[in-house]
2 protein chains.
Amino acid sequence: MLRLSKLTDYAVVVLVRLSHSAEVQTSPGIAAATGIPEPTVAKVLKTLAARGLVASHRGAHGGYRLARPLAGIAIAEVIGAIDGPIALTACVDGANAGCEVLQVCPVRGRWDPVNAAIREALAAISLEDMQLASVSRPFRIVSLARPAASTSPVPVVE
Amino acid sequence: MLRLSKLTDYAVVVLVRLSHSAEVQTSPGIAAATGIPEPTVAKVLKTLAARGLVASHRGAHGGYRLARPLAGIAIAEVIGAIDGPIALTACVDGANAGCEVLQVCPVRGRWDPVNAAIREALAAISLEDMQLASVSRPFRIVSLARPAASTSPVPVVE
DNA sequence: AACTAACAGGACCCAAGCAGTCCTGATTAG
DNA sequence: CTAATCAGGACTGCTTGGGTCCTGTTAGTT
(Lines give C-alpha, C1' and ligand atoms only; values in the text may rest on other atoms or scores of the structure.)
Protein backbone atom coordinates (compact mmCIF):
# COMPACT_ATOMS: atom_id res chain seq x y z
CA MET A 1 0.00 0.00 0.00
CA LEU A 2 2.71 2.41 -0.87
CA ARG A 3 4.30 1.73 2.45
CA LEU A 4 6.46 4.42 3.83
CA SER A 5 9.02 3.15 6.28
CA LYS A 6 8.39 3.91 9.90
CA LEU A 7 11.87 5.37 10.13
CA THR A 8 10.82 8.17 7.83
CA ASP A 9 7.96 8.97 10.12
CA TYR A 10 10.38 9.10 13.00
CA ALA A 11 12.63 11.38 11.00
CA VAL A 12 9.84 13.90 10.62
CA VAL A 13 9.13 13.81 14.33
CA VAL A 14 12.78 14.27 15.14
CA LEU A 15 13.22 17.13 12.71
CA VAL A 16 10.19 18.93 14.04
CA ARG A 17 11.50 18.41 17.53
CA LEU A 18 14.86 19.85 16.55
CA SER A 19 13.14 22.93 15.21
CA HIS A 20 11.95 23.77 18.71
CA SER A 21 15.38 25.03 19.66
CA ALA A 22 18.36 26.58 17.93
CA GLU A 23 20.71 24.89 20.41
CA VAL A 24 22.23 21.50 19.77
CA GLN A 25 20.25 18.62 21.20
CA THR A 26 21.52 15.15 22.04
CA SER A 27 19.90 12.03 20.73
CA PRO A 28 19.01 10.76 24.22
CA GLY A 29 17.35 14.10 24.87
CA ILE A 30 15.31 13.91 21.70
CA ALA A 31 14.44 10.31 22.44
CA ALA A 32 13.11 11.32 25.83
CA ALA A 33 11.12 14.18 24.36
CA THR A 34 9.56 12.17 21.57
CA GLY A 35 9.25 8.76 23.15
CA ILE A 36 11.08 7.13 20.27
CA PRO A 37 13.65 4.55 21.44
CA GLU A 38 17.06 6.14 21.79
CA PRO A 39 19.02 3.82 19.48
CA THR A 40 16.47 4.42 16.78
CA VAL A 41 16.67 8.17 17.22
CA ALA A 42 20.43 7.94 16.96
CA LYS A 43 20.18 5.90 13.81
CA VAL A 44 17.79 8.35 12.20
CA LEU A 45 19.90 11.34 13.17
CA LYS A 46 23.04 9.75 11.81
CA THR A 47 21.34 9.16 8.51
CA LEU A 48 19.96 12.68 8.39
CA ALA A 49 23.38 14.08 9.22
CA ALA A 50 24.96 12.10 6.42
CA ARG A 51 22.49 13.62 4.02
CA GLY A 52 23.04 17.13 5.33
CA LEU A 53 19.59 17.68 6.73
CA VAL A 54 20.96 18.19 10.23
CA ALA A 55 24.32 19.47 11.41
CA SER A 56 26.15 17.40 13.98
CA HIS A 57 28.56 18.46 16.66
CA ARG A 58 30.79 15.77 18.05
CA GLY A 59 32.43 15.45 21.41
CA ALA A 60 31.25 16.49 24.82
CA HIS A 61 28.30 18.85 24.76
CA GLY A 62 27.81 17.90 21.17
CA GLY A 63 24.56 17.08 19.52
CA TYR A 64 22.42 17.87 16.51
CA ARG A 65 20.94 21.00 15.07
CA LEU A 66 18.77 21.68 12.04
CA ALA A 67 20.86 22.54 9.01
CA ARG A 68 17.99 24.55 7.54
CA PRO A 69 14.66 25.87 8.74
CA LEU A 70 11.73 23.51 8.42
CA ALA A 71 10.29 25.51 5.55
CA GLY A 72 13.39 24.75 3.54
CA ILE A 73 13.14 20.98 3.89
CA ALA A 74 10.87 19.18 1.47
CA ILE A 75 9.33 15.95 2.63
CA ALA A 76 10.80 14.41 -0.50
CA GLU A 77 14.26 15.05 0.92
CA VAL A 78 13.46 13.29 4.15
CA ILE A 79 12.01 10.29 2.36
CA GLY A 80 14.97 10.23 0.03
CA ALA A 81 17.38 10.34 2.92
CA ILE A 82 15.79 7.54 4.90
CA ASP A 83 14.13 5.33 2.34
CA GLY A 84 16.43 5.92 -0.59
CA PRO A 85 15.47 7.40 -3.92
CA ILE A 86 11.80 7.87 -4.55
CA ALA A 87 10.88 5.32 -7.14
CA LEU A 88 8.25 2.66 -7.37
CA THR A 89 10.19 -0.50 -7.95
CA ALA A 90 9.11 -2.27 -11.09
CA CYS A 91 10.62 -4.99 -13.19
CA VAL A 92 13.65 -5.18 -10.99
CA ASP A 93 15.19 -8.59 -11.18
CA GLY A 94 15.41 -10.81 -14.20
CA ALA A 95 12.73 -13.12 -12.85
CA ASN A 96 10.04 -12.02 -15.25
CA ALA A 97 11.48 -13.27 -18.46
CA GLY A 98 8.34 -12.42 -20.37
CA CYS A 99 9.88 -9.27 -21.69
CA GLU A 100 11.71 -11.06 -24.45
CA VAL A 101 8.46 -11.88 -26.22
CA LEU A 102 8.21 -8.64 -28.08
CA GLN A 103 11.64 -7.44 -27.14
CA VAL A 104 9.72 -4.39 -26.05
CA CYS A 105 8.53 -5.27 -22.60
CA PRO A 106 5.15 -3.71 -22.01
CA VAL A 107 6.17 -2.13 -18.75
CA ARG A 108 9.75 -0.98 -19.12
CA GLY A 109 9.92 2.71 -18.37
CA ARG A 110 6.21 2.75 -17.90
CA TRP A 111 6.44 3.88 -14.33
CA ASP A 112 8.62 6.84 -15.07
CA PRO A 113 5.80 9.38 -15.42
CA VAL A 114 4.27 8.01 -12.25
CA ASN A 115 7.51 8.35 -10.36
CA ALA A 116 7.97 11.85 -11.69
CA ALA A 117 4.49 12.86 -10.59
CA ILE A 118 5.01 11.53 -7.09
CA ARG A 119 8.41 13.10 -6.78
CA GLU A 120 6.98 16.43 -7.84
CA ALA A 121 4.15 16.19 -5.37
CA LEU A 122 6.50 15.36 -2.52
CA ALA A 123 8.96 18.08 -3.42
CA ALA A 124 6.22 20.67 -3.10
CA ILE A 125 5.47 19.89 0.54
CA SER A 126 7.81 21.19 3.22
CA LEU A 127 8.09 19.99 6.78
CA GLU A 128 6.63 23.29 7.87
CA ASP A 129 3.52 22.49 5.87
CA MET A 130 3.25 19.18 7.66
CA GLN A 131 3.76 20.80 11.02
CA LEU A 132 1.03 23.34 10.38
CA ALA A 133 -1.34 20.74 9.04
CA SER A 134 -1.85 18.99 12.32
CA VAL A 135 -1.90 21.88 14.74
CA SER A 136 -5.50 22.75 14.00
CA ARG A 137 -6.57 19.18 13.59
CA PRO A 138 -7.51 17.18 16.65
CA PHE A 139 -7.31 13.44 16.25
CA ARG A 140 -9.89 10.95 17.31
CA ILE A 141 -9.08 8.10 19.61
CA VAL A 142 -10.07 4.66 18.51
CA SER A 143 -10.10 2.27 21.39
CA LEU A 144 -8.93 -1.06 20.16
CA ALA A 145 -9.81 -4.35 21.74
CA ARG A 146 -6.51 -5.88 22.64
CA PRO A 147 -5.60 -9.16 24.34
CA ALA A 148 -4.39 -8.66 27.88
CA ALA A 149 -1.20 -10.56 27.14
CA SER A 150 -0.19 -7.94 24.62
CA THR A 151 1.69 -4.78 25.36
CA SER A 152 0.08 -2.07 27.37
CA PRO A 153 -3.44 -1.27 26.21
CA VAL A 154 -2.48 1.89 24.42
CA PRO A 155 -5.29 3.68 22.62
CA VAL A 156 -4.61 3.61 18.94
CA VAL A 157 -5.18 6.61 16.80
CA GLU A 158 -6.30 6.06 13.28
CA MET B 1 11.80 3.57 -0.86
CA LEU B 2 8.13 3.95 -1.44
CA ARG B 3 7.95 0.38 -2.52
CA LEU B 4 5.20 -0.49 -4.87
CA SER B 5 4.30 -4.14 -4.77
CA LYS B 6 5.40 -6.25 -7.69
CA LEU B 7 1.85 -7.46 -8.02
CA THR B 8 0.77 -3.98 -9.02
CA ASP B 9 3.36 -3.96 -11.72
CA TYR B 10 2.04 -7.26 -12.97
CA ALA B 11 -1.46 -5.86 -12.91
CA VAL B 12 -0.45 -3.09 -15.28
CA VAL B 13 1.16 -5.57 -17.63
CA VAL B 14 -1.91 -7.78 -17.57
CA LEU B 15 -4.29 -4.91 -18.15
CA VAL B 16 -2.27 -3.62 -21.08
CA ARG B 17 -2.21 -7.11 -22.47
CA LEU B 18 -5.96 -7.39 -22.11
CA SER B 19 -6.37 -4.19 -24.07
CA HIS B 20 -4.85 -5.85 -27.13
CA SER B 21 -8.06 -7.69 -27.80
CA ALA B 22 -11.75 -7.17 -27.18
CA GLU B 23 -12.28 -10.94 -26.82
CA VAL B 24 -12.06 -12.70 -23.51
CA GLN B 25 -8.62 -14.07 -22.68
CA THR B 26 -7.80 -16.85 -20.27
CA SER B 27 -5.28 -16.44 -17.49
CA PRO B 28 -3.04 -19.21 -18.88
CA GLY B 29 -3.05 -17.40 -22.19
CA ILE B 30 -2.11 -14.10 -20.62
CA ALA B 31 0.55 -15.83 -18.57
CA ALA B 32 2.07 -17.27 -21.72
CA ALA B 33 1.98 -13.95 -23.48
CA THR B 34 3.48 -11.94 -20.66
CA GLY B 35 5.80 -14.48 -19.09
CA ILE B 36 4.31 -13.93 -15.68
CA PRO B 37 3.70 -17.20 -13.79
CA GLU B 38 0.20 -18.43 -14.38
CA PRO B 39 -0.96 -18.69 -10.75
CA THR B 40 0.19 -15.13 -10.20
CA VAL B 41 -1.68 -13.91 -13.24
CA ALA B 42 -4.78 -15.67 -11.98
CA LYS B 43 -4.39 -14.07 -8.59
CA VAL B 44 -4.01 -10.61 -10.06
CA LEU B 45 -6.95 -11.06 -12.38
CA LYS B 46 -9.19 -12.28 -9.60
CA THR B 47 -8.34 -9.23 -7.56
CA LEU B 48 -8.91 -6.92 -10.48
CA ALA B 49 -12.22 -8.63 -11.22
CA ALA B 50 -13.33 -8.16 -7.63
CA ARG B 51 -12.63 -4.46 -7.95
CA GLY B 52 -14.45 -4.17 -11.24
CA LEU B 53 -11.45 -3.29 -13.36
CA VAL B 54 -11.91 -6.36 -15.52
CA ALA B 55 -15.02 -8.36 -16.37
CA SER B 56 -14.85 -12.12 -15.91
CA HIS B 57 -16.69 -14.84 -17.77
CA ARG B 58 -16.87 -18.19 -16.08
CA GLY B 59 -17.24 -21.64 -17.51
CA ALA B 60 -15.84 -23.15 -20.65
CA HIS B 61 -14.45 -20.59 -23.08
CA GLY B 62 -14.56 -18.09 -20.29
CA GLY B 63 -11.89 -15.61 -19.45
CA TYR B 64 -11.31 -11.96 -18.74
CA ARG B 65 -11.98 -8.76 -20.58
CA LEU B 66 -11.29 -5.11 -19.80
CA ALA B 67 -14.25 -3.50 -18.11
CA ARG B 68 -13.22 -0.09 -19.42
CA PRO B 69 -10.76 1.22 -22.00
CA LEU B 70 -7.25 1.85 -20.73
CA ALA B 71 -7.78 5.60 -20.87
CA GLY B 72 -10.53 5.26 -18.29
CA ILE B 73 -8.40 3.46 -15.73
CA ALA B 74 -6.25 5.60 -13.45
CA ILE B 75 -3.09 4.07 -12.11
CA ALA B 76 -4.39 5.04 -8.69
CA GLU B 77 -7.22 2.56 -9.16
CA VAL B 78 -4.87 -0.26 -9.98
CA ILE B 79 -2.68 0.48 -7.00
CA GLY B 80 -5.72 0.78 -4.80
CA ALA B 81 -7.05 -2.55 -6.05
CA ILE B 82 -3.85 -4.49 -5.52
CA ASP B 83 -2.08 -2.74 -2.69
CA GLY B 84 -5.04 -1.38 -0.82
CA PRO B 85 -5.79 2.26 -0.13
CA ILE B 86 -3.09 4.72 -1.05
CA ALA B 87 -1.73 5.98 2.21
CA LEU B 88 1.71 6.22 3.67
CA THR B 89 1.44 4.31 6.88
CA ALA B 90 2.46 6.38 9.82
CA CYS B 91 1.96 5.97 13.51
CA VAL B 92 0.08 2.78 12.99
CA ASP B 93 0.34 0.61 16.02
CA GLY B 94 0.46 1.67 19.61
CA ALA B 95 4.16 0.93 19.83
CA ASN B 96 5.32 4.52 19.81
CA ALA B 97 3.89 5.74 23.04
CA GLY B 98 5.68 9.03 22.79
CA CYS B 99 2.58 10.80 21.63
CA GLU B 100 1.24 11.23 25.11
CA VAL B 101 3.91 13.77 25.94
CA LEU B 102 2.08 16.79 24.67
CA GLN B 103 -1.20 14.98 24.11
CA VAL B 104 -0.84 16.43 20.65
CA CYS B 105 1.44 14.00 18.93
CA PRO B 106 3.75 15.83 16.60
CA VAL B 107 2.92 13.58 13.67
CA ARG B 108 -0.73 12.69 13.92
CA GLY B 109 -2.44 13.75 10.74
CA ARG B 110 0.76 15.19 9.51
CA TRP B 111 0.90 12.91 6.52
CA ASP B 112 -2.57 13.73 5.32
CA PRO B 113 -1.51 16.48 2.91
CA VAL B 114 1.22 14.22 1.61
CA ASN B 115 -1.18 11.39 1.04
CA ALA B 116 -3.60 13.69 -0.67
CA ALA B 117 -0.91 15.01 -2.98
CA ILE B 118 0.17 11.53 -3.98
CA ARG B 119 -3.35 10.35 -4.49
CA GLU B 120 -4.04 13.31 -6.70
CA ALA B 121 -0.94 12.71 -8.75
CA LEU B 122 -1.77 9.06 -9.27
CA ALA B 123 -5.37 9.75 -10.15
CA ALA B 124 -4.26 11.98 -12.99
CA ILE B 125 -2.32 9.26 -14.80
CA SER B 126 -4.22 6.68 -16.81
CA LEU B 127 -2.95 3.34 -18.00
CA GLU B 128 -3.06 4.68 -21.51
CA ASP B 129 -0.58 7.37 -20.47
CA MET B 130 1.72 4.68 -19.14
CA GLN B 131 1.37 2.63 -22.28
CA LEU B 132 2.23 5.58 -24.49
CA ALA B 133 5.12 6.60 -22.30
CA SER B 134 7.29 3.64 -23.19
CA VAL B 135 6.49 3.17 -26.85
CA SER B 136 8.76 5.96 -27.94
CA ARG B 137 11.34 5.21 -25.31
CA PRO B 138 13.95 2.58 -26.00
CA PHE B 139 15.49 1.01 -22.96
CA ARG B 140 19.09 0.24 -22.37
CA ILE B 141 20.25 -3.22 -21.56
CA VAL B 142 22.36 -3.66 -18.49
CA SER B 143 24.16 -6.95 -18.56
CA LEU B 144 24.33 -8.23 -15.04
CA ALA B 145 26.97 -10.59 -13.80
CA ARG B 146 25.04 -13.57 -12.59
CA PRO B 147 26.08 -16.93 -11.09
CA ALA B 148 25.65 -19.77 -13.54
CA ALA B 149 23.54 -21.68 -11.05
CA SER B 150 20.90 -18.99 -11.23
CA THR B 151 18.01 -18.87 -13.64
CA SER B 152 18.66 -18.17 -17.26
CA PRO B 153 21.07 -15.28 -17.79
CA VAL B 154 18.41 -12.83 -18.76
CA PRO B 155 19.59 -9.34 -19.58
CA VAL B 156 18.23 -6.98 -17.01
CA VAL B 157 16.82 -3.68 -17.99
CA GLU B 158 17.14 -0.81 -15.61
C1' DA C 1 -27.46 -35.32 -18.17
C1' DA C 2 -22.71 -35.84 -17.74
C1' DC C 3 -18.29 -33.93 -18.69
C1' DT C 4 -14.94 -30.53 -18.91
C1' DA C 5 -12.89 -25.92 -19.16
C1' DA C 6 -12.41 -22.03 -16.76
C1' DC C 7 -13.03 -18.64 -12.84
C1' DA C 8 -13.61 -17.84 -7.38
C1' DG C 9 -11.82 -17.77 -3.10
C1' DG C 10 -9.49 -19.21 0.17
C1' DA C 11 -5.26 -21.37 3.00
C1' DC C 12 -0.60 -21.85 3.13
C1' DC C 13 4.66 -21.50 2.94
C1' DC C 14 8.90 -19.25 2.12
C1' DA C 15 11.95 -15.53 1.58
C1' DA C 16 13.22 -10.66 1.49
C1' DG C 17 13.56 -6.52 3.72
C1' DC C 18 13.15 -3.64 7.59
C1' DA C 19 12.94 -2.15 12.57
C1' DG C 20 15.57 -2.17 16.29
C1' DT C 21 19.79 -3.18 19.09
C1' DC C 22 24.53 -3.28 20.09
C1' DC C 23 29.48 -2.71 19.65
C1' DT C 24 33.68 -0.38 18.49
C1' DG C 25 36.08 3.65 17.06
C1' DA C 26 36.71 8.74 16.45
C1' DT C 27 36.24 13.39 18.17
C1' DT C 28 36.13 17.29 21.32
C1' DA C 29 34.95 20.10 25.63
C1' DG C 30 36.52 20.71 30.16
C1' DC D 1 43.46 13.02 30.40
C1' DT D 2 38.76 11.89 30.85
C1' DA D 3 34.14 11.77 29.79
C1' DA D 4 30.52 12.70 26.67
C1' DT D 5 28.90 12.27 22.28
C1' DC D 6 28.67 11.25 17.33
C1' DA D 7 30.06 7.74 13.33
C1' DG D 8 29.54 3.59 11.22
C1' DG D 9 28.78 -0.85 10.71
C1' DA D 10 27.21 -5.85 12.07
C1' DC D 11 23.65 -8.55 13.64
C1' DT D 12 18.87 -10.48 14.59
C1' DG D 13 13.90 -11.24 14.99
C1' DC D 14 9.82 -10.26 12.75
C1' DT D 15 6.51 -8.58 9.59
C1' DT D 16 4.81 -8.62 4.92
C1' DG D 17 4.21 -9.79 0.51
C1' DG D 18 5.18 -13.04 -3.49
C1' DG D 19 3.97 -17.21 -5.08
C1' DT D 20 1.70 -21.89 -4.99
C1' DC D 21 -1.97 -24.99 -4.38
C1' DC D 22 -6.49 -26.88 -3.32
C1' DT D 23 -11.40 -27.01 -3.41
C1' DG D 24 -15.69 -25.29 -5.03
C1' DT D 25 -18.70 -23.12 -8.58
C1' DT D 26 -20.23 -21.93 -13.14
C1' DA D 27 -21.28 -22.68 -17.89
C1' DG D 28 -20.50 -24.40 -22.46
C1' DT D 29 -20.27 -29.08 -25.09
C1' DT D 30 -21.44 -33.53 -26.37
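Distances from B:PRO69 to itself in the other copies, using label points 7 Å out along the Cα-Cβ axis, amount to 5.0 nm in increasing order.
Each copy carries A:ALA55; placing its label point 7 Å along the C-beta direction from Cα gives inter-copy distances of 6.5 nm, listed from smallest up. The residue in chain A that lies nearest, by its beta carbon, to the axis linking chain A with chain B is given here with the distance in whole angstrom as A:ALA121, 2. Buried between B and A is an accessible area of approximately 5200 Å², summed over both sides with a 1.4 Å probe.
Comment: the Cα-to-Cβ extended label point of A:GLU120, at 7 Å, lies 1.2 nm from its counterparts in the other copies, nearest first. Normalised Debye scattering of the stretch B:1-71 at q = 0.12, 0.18, 0.25 Å⁻¹ gives log10 I(q)/I(0) of -0.28, -0.62, -1.18, counting only Cα atoms as equal scatterers and leaving out solvent. Model label points for A:GLU38 and B:ALA22, set 7 angstrom from Cα along the Cα-to-Cβ axis, are 7.1 nm apart.
With a 10 Å cut-off around each Cβ of A:48-56, the average count of Cβ atoms from other chains is 0.
The values are calculated or read from the model by the stated rules, or taken from the named source; none is laboratory data. Computed from a predicted structure; not experimentally measured. Neighbour counts run over all protein chains shown; Cβ positions are idealised from the backbone, glycine included. For the accessible areas, the whole protein counts, side chains as well, though only heavy atoms, and no ligand, DNA or RNA atoms are used. Shrake-Rupley method; radii C 1.70, N 1.55, O 1.52, S 1.80 Å.
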